[in-house]
Every structure is written in C-alpha cells, then in structure tokens.
Amino acid sequence: LFRQKGNGKVLSQSSDVVTFDFGDSGRRLAIANREGQLSVWNVADREKLWSSSISSCTTMSFSLCGKFIAAVNNEGVIHFWNLSSDPQSTPLQTFSAGSKVNALAFSGDKGLALSTPEKVVLLAAPSLQEVAVLPQTGDVRELSFSPDGAFLVAAGLHVDPRSSIMVEDGDPSAGAVFWSVSDSFRRLGSMVFRQVLRVTTFRPDGKFLALAGDNKLITLLDVLNDFDHDGDLPCGQPVRALAWSPNLRCLASGGEDRMVTVWDLASKHVLFQMDPTKDWIFKLAWSATGLLAFSHLGAQGVRLAPLEEVQDKKEITLERPNTEEDLAEKEETPQFVFLVKVASTPGGPVEPKKVLEEEGFNVDIARDRVDLDPLALDLSCKNPGLQVAAQDPTYVTGHHLISCSFTPHETLMIAGEDIFEFEVENRTKNREIHLRDVAKALAVSPCGGYVAVANAFLVTVHRLMSKGQEAVLNQKVTSNVVCLAFSAHQFLAVGTMEKKVLVFHLEDKKEPEILSVQVNSLCFSPAGNVLAIPGSDGSGQVSLWQVAREGCEFAGRVNTRDVAHVACFTEAGKVLAVGCEDSRVVLLAVEHGFKCWSELRCNFPVHYLTVSGSFLAAGGDRDICVFNISSSQIALQLPRQQERIQGISLSTSGSLLACCFRGHVTLLPLESATEVVCASMKVPDDKDRFKS
C-alpha cells in the first residue's frame, strides 16, 4: 500500500497543460501545453532535457521507453520526434489525419494509434506509414493499448453494440470497442454504457483493464478471462483520470470531485485522498519510482506528489494517542492520511452493523405487487398537469454549486463554495455561511432549524437562528461523504464511499451508530423512524432501517432490478419513490410491506427526486419531468438542458421548482394546468444574471 510523503513539486508551464506522460521507467516526464510547447523533464532533478513547439497542441503521447514523442495540432497534423537518435527540436516525421484528432496512443516503440470522429488509424513508428484503418461508428475520445500491444481499446460516443462482449439495455450512447491487434486487428466486441466513458487504462501487467467516466463508477475488467466484469468502485463524481500503481495493488482516480483518490484494490476501499485542487482533475500518471503526477483544468503546471510504500494498512492508521508525543505526532499528520475514529467507550471502536441475508423482509418488485386506490395513499389531485407560470424565472448565481433544497419556510438553501439562504419572495440573501472548502453534500432538517454540510472528511451542522447561526456538530469521518439526510427527530445520517452510514443524534453525545451498507443516497420517512438507503453495488437493492434513540435495526430490503440512485417519501409517508438507472421510478406502498404499487417511466436515468403534494419531480443529468403520482402520468416535461443538473427541489407549496446547475440555480414558477405541457427553460445570459 501507499501513502503520500510530502507535498511534492510543480513543473511549471507558460500556459494551460493539455496532457503529460511518464517514459523511460518513470525517469522522464513529457508535458504539452495549449500553446503548442512540448518539453521533456528529468524527474529526479526537475531539469528540462528537451523542448520543441508547434502551432498548437490538442493532445500528445510519450512512448513508455522514452524514445518517441508525438503531438497533434488543431489542424490534425501529427508531429513525431525520435529523442534517442535525433534529439532536435524539429520533428522527424509528420502525418496529416485529414480531420480533428481526439486521441493518440503508443504501442511500445513500434506503433502509434490515432482516432478521429470517423475512424481509428494505426501507424508504424517511426516512419508513420499507415498500417491499418479500423472503421468506427462513433466518436472515439480515448485509446489505450495493453502493455504487450496485443489489445487496443477505443472508448467514446455512439458505439455500435453489435458483436458486443456485454451490453446493457438502453440506448447505446457511449461505450468501448475491443480489438485484437495481434490477430489481424480483429474486433473482439464492445461494451455499451449509458454515460460517456472518459478514460481507459490497462494495469502494467496487462491482466486488468479499468474504465471510468460520467457514470461515477470505475469498472474493472479481467483481460485474461475474456474481459469479464470484475467489479466496480463507486465514486462521488464523474471520473476523468486513472493511473495504476507500479506494484499493481492500487489505483488512483481523479475527476470532477477535484481530488486524487487512491484505492486499495484488494479490499476495494479508499486508501487515502489528497487535498482538493482548484478545478477538475483531467490527467494522472504514476511512475515506477513512486511519483504520482496530476494536473487540473486551468493549471499551468504538473504537480509531482511523492508516495512511499508501506507494508500494511495498519501502518497508516492512527490509534488513540496516549502520550503527549503521540498527540503531537497526530496533530502533525497531513490531512490526506486515512483517519479512523475511535470510540470513547471502554469497549473500543464501534463495530458497524452488518446485514445478514436471512434478516428482515425481502421484497422483489417483479413478484411482490399491490393494487391500491390513490386515496388510500393520501394522494389526490384535481388537475393532472402543471405549467410554468407567465412571470420570468429567477436566476441565482454562484460558484461550484452542488445542491439546493427548499426549507419549510419557502426559502432556498444553496451549497457550493459557501452556503447561502435565498429569500425567494424578496429576492435577497437571508444569510451566508462561509466554508473552508467546496461543499460535497447538503441537507436541511424537516423543521428548517438545522442545515448540514459535508466537505472532504468533515461534516458540520449549523443551528439556524433569526440572527445568524451556530455550529452544533463538527464530525470528522473516515472517507469521502456521498450524501446527508435529516430526520424529524434530529437524527443526521451520513453516507460515505467506505460503504458505511453513520447515524448521529444531535442532542446525544454518544458515538454514532454505524451501518455497513452500500449507499447512493439517503432519505428519512416524514415520521423520522425509517431510513431508506439505495445501494451503490449495482444490485438495485434499497435497504430499510428502523431508527430510534436505542439504536438502528435492519428492517428489510427491496430489489428494484437495476441500480437504485435516489429515494424519497411522499409527505404523508405512505409511498416511497425510488429512482433507478433504467429510467424507472418505482413507487412502493409503505404500509403494505413496501410492495410495488406502480412504476413511472422516464426517458433518462433518474438521479434526483423531490416531492410536493401529489407531484413528484424526477431529474437526470440534463432532463427533468414532473409526475402526478395519483394518476402515474407526466404532468410537466422540461426540454433537455444544455448544462449538467446538480440537483432539484420543489417548494412545500409546489409553486416553485429549483434546478441547480454548476454556476446558477433556476427558479421556475409553477401553476396548475388541465393538461400536460412541455415547458422551456433557458440558460441565463449575461443580462439575466445581472438582473438577478
């Protein structure tokens, strides 16, 4: 295993870094920036060994042996250098691809692959003579060769699922195609994903392949077993970069969460995370000498983080300090070390509660269904539809926004670089809570008196008062926080990437109850006694727990047939809605053993749910629709958005729909309609932002 050793150094550039690669067993690092400047550095003493420049640079590749370097300009012309025989700044060869080049990849020192929107071309090195053209049906964005050059993986958009290895149901909008280079470039098959793949990389021994992208999962494939699925690593945000450790045990990932995460693949748990960067991490590289290189969007340099190898996870786990020396050592420990919370009780650490297969009820929605009148579920609605009211939407701008939530008082809590409460009626900020780091999750208590926010490894709860607020809980956790939820009885549930849910009571000083369960999101019933936890293991299970002062007890599970992303209860607490990856919203009858009452159909994977009265709003990455639960029909359909949705929230009265994007929140006024309508929602221009 590994841990970080020091803060590392930065190799500075004159403009934004486009890409970089290690070569020569990690002793050299090649860097390309947006202005077309290329450089090769001696990593040990950070000395520049070689430099050259072209008109512009969109991507670059450095051979593993450190012998060749290839770069592409905006016109699709490849420039090729041989650093061993002719280390001059002028390129040895050039090759015109005829269109934009999205990706480059070396196969040892004998071949070079490039991708355009129409095809994948294989060239011989160093002559750049065309060897083969692999026809593509999609726009390839990423190329990766196995270490021995036997396999080539091309990932991108609109992949044809024919001859596939494993195909999921749904629109083949993204995926990866596998080629056997050693077998006359025979196409082995493809894998289809619902969301875009951003990165693929083989393990240094070629036995495993890791793929990741916008689906917030790192997928592991067993290469030697016909690319069989070997498991997934759940991530809090879309992944843009991956890198294997030289000892094959660990995998580093980075992306839109702005942090480098190092995974222990033996346990498939997070080993440690580095401090957040200023923007998305787009590239990672791990050298054989133990240096982890990474860079983020807008960075004019590459950071080299030294890592040291340790024998066992226990060596980087901190025990309770018993002496002044131990306490001082703990205080000096860097933030990235994986901290383990130790209970103050004589019994030692709190053991997480695990679920046994034979415990609780087990509902399968394909088998366990119930037919009920909507009135029995306290659902009734005179008008079947909704429409956007005539008045203009309100735009609330912010930075790095991650979520928004209405309070019972019809004010809107918005989280990003800070938290602020927006008074909708007066269009003013009621309060602002400054954070040390960008928020990762937000929750507002049902009474509106508390707000909880998580960033990095810290969860803070603020009591909201008429004048200001005060922090009533600061709790460190052992892994990155995925989600938060409040109950009506002042319980706070914290879900982490470590497959644990911590349940606190704000008035008790006891250690939190720890539930060992996969978690995608959390929600409490209106009564506050039931906690629903959609899992992240791909099984589609929602686990249900009874929560009380005396402790938490497992009640049962519901199998929804596909990945369950989110859940929420209706205001009466008689229906539990579960949003799934296969574009369904499953409605469960709570008082009838959580049997399936109905299913709502969307045309997008459901990641967000919010309810007001009989209306349920469902959101995906760029789509939103509102259902009338009583009739199981769509009441309002919004067109596909240009920007990625970060969260949605319906006001208590149902008169406002808040849609959170990365740079602003749109507040849509709603009113009843006698029929279903399709409403428009635009991205605010500069005039709208200024007016807001």
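Derivation of every value follows stated rules applied to the coordinates shown; laboratory data play no part. Not measured: the values here are computed from a predicted model. Reconstructed Cβ throughout: ideal geometry from the backbone, glycine too, with neighbour counts over all protein chains shown.
How do 42-53, 516-527 rank on mean C-beta neighbours within 10 Å, highest first?
By packing density, highest mean first, the sequence is 516-527, 42-53.
Once the Cα-Cα distance is subtracted from the 0.36 nm per residue extended length, the residue 400 to residue 182 segment shows a gain of 73.9 nm.
Once the Cβ-Cβ distance of residue 14 and residue 423 is raised to the sixth power relative to R0 = 41 Å, the FRET efficiency obtained is 0.35. Specify the inter-centroid distance of the range 583-611 and the range 625-642, based on alpha-carbon positions, in whole Å. Taking the Cα centre of the range 625-642 as reference, the centre of the range 583-611 is 13 Å away.
Checking the cross-link pairs 499/574; 67/278; 48/278; 216/278; 216/429 against a 30 Å limit on the alpha carbon distance flags 67/278; 216/429 as lying beyond it. Applying the criteria of a DSSP loop state and at most 13 other Cβ atoms within 10 Å to the GluC sites (Glu not before Pro) of the range 475-576 yields 507, 550. Highest-first packing order for the peptide set 179-185, 457-463, 434-440, 253-259 is 253-259, 457-463, 434-440, 179-185, based on the mean count of other beta carbon atoms within 10 Å.
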